[in-house]
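K.L.:
Attaching a single structure in C-alpha cells format; questions to follow.
Here, each number is a calculation from the coordinates, and none is a lab measurement. Because the structure is predicted, anything quoted here is derived from the model rather than measured. Reconstructed Cβ throughout: ideal geometry from the backbone, glycine too, with neighbour counts over all protein chains shown.
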Amino acid sequence: MSQNDQTIFDLTYTSNRGEEVALGNHVGKTLLIVNTASKCGLTPQYEALQSIHSEFKDRGLVVIGFPCDQFAHQEPGDDATIEEFCRMNYGVDFALSTKVDVNGSGAHPVFAFLKDRAGGFIIDAIKWNFTKFLVAPDGRTVKRYAPQTSPDAIREDILAALPAPIVGRPRWPAQPTQAPGAGMQTPSPLTLPTAQSRGALPGTTSKVSRTPAAMRRSA
C-alpha cells in the first residue's frame, strides 16, 4: 500500500491497559486525536475534551488521548497513574493510549501519519502538549489545531465533520455536488416518417427532426 493510499484506519495503537486497538474499528467515524500531559498548563483541556466526547460520542466522534512525556517531562507517570489522574480530576472516560513519542525517530505511526497529512507552522513537528488533530470519516483528511486552541473552539469544525449530515450546516470535507444539468438525459431527436416510407415516389423523400422544447431534470 502506498502512502497516498493509507488511511488512519489502517493503523493501530496500544491502549493504556496494554491492549492493541485497531483504528479500523472506527471506519467511517470522525476522530479527534490529542497528545496529552498531566502536569502542563494546558492540562485542564481534559475537561473540555471529556465534554466533547460525552456530547458527540453517539453521533460518530471518537476522542483518543495519547499521553506524551517529550515536552518538559510533563507526563512522568506510568499508564496506570495517568489513567487514575485523568479519571479522578476530569472524569475522563474516552480512550487513552499507552505513553508514546510524537516526534523523532520513535514517533508513533499515528502521529507520523497526522503530521504528514497536516503539517505545522514552519515545521511539521509537534510543538507542545495538546496539539489536536481532527480526522474526517474518510480517514485521509486532517485538520490540525495549536495546543492553545481550546477544544471548545473547534466545536463547529467537529459538527461539520460528523458522519451524519446536519441540516443547514456546511460539511467538512466538502461533499461533491453535481454541476447544473448533471445527470440530465437529453432525448434523442424524434424522427418522423419519411415521404418514401409513406409511399412517395423515389427522389421525393424528406426527414424532419424535432427535439421536445421542455426537458425534465433528473432528481
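K.L.:
Taking the Cβ of residue 17 as the centre, find all other residues whose Cβ is under 9 Å away and add up their charges (Lys, Arg: +1; Asp, Glu: -1). Don't skip to the answer; put the middle values down first.
P.N.:
Details: positive: none; negative: 19, 79, 83.
My count for the surroundings of residue 17 gives -3.
K.L.:
Follow-up question, since we're still on this one. Past 23 Å, Cα to Cα: identify those pairs from 99/132; 39/143; 29/115, in the order given. Each step should come with its number before you reach the end.
P.N.:
Details: 99/132 16 Å; 39/143 26 Å; 29/115 20 Å.
The pairs that break the limit, which is 23 Å between Cα atoms, are 39/143.
K.L.:
A further question on this structure: May I ask you to compute the full-extension gain from residue 171 to residue 47, defined as 0.36 nm times their residue separation minus their alpha-carbon distance, rounded to one decimal in nm?
P.N.:
Details: separation 124, 0.36 × 124 = 44.64 nm, distance 2.65 nm.
Full extension of this stretch gives 42.0 nm more.
K.L.:
Report the extension gain between residue 149 and residue 73 in nm, rounded to one decimal, defined as 0.36 nm multiplied by the number of residues separating them, less their alpha carbon distance.
P.N.:
Values: separation 76, 0.36 × 76 = 27.36 nm, distance 2.14 nm.
Result: 25.2 nm gained on full extension.
K.L.:
Give the long-range amide H neighbours of residue 92: residues separated by 5 or more places, or on another chain, with amide H under 5 Å away, using H modelled in the peptide plane at 1.01 Å from N.
P.N.:
Residues meeting the criterion, in which the H sits 1.01 Å from N, are 87.
K.L.:
OK, next. Please give every one of the aspartates and glutamates within straight-line cross-link reach of residue 127, meaning a C-alpha to C-alpha distance under 16 Å, and leave out same-chain neighbours fewer than 8 residues apart.
P.N.:
Partners within reach: 69, 75, 101, 116.
K.L.:
What net charge is computed for the residues neighbouring residue 115, neighbours being all others with C-beta under 10 Å from the C-beta of residue 115, Lys and Arg scored +1, Asp and Glu -1? Mind showing how you got there, number by number?
P.N.:
On the way: positive: 117, 144; negative: 116, 124.
Neighbourhood net charge equals 0.
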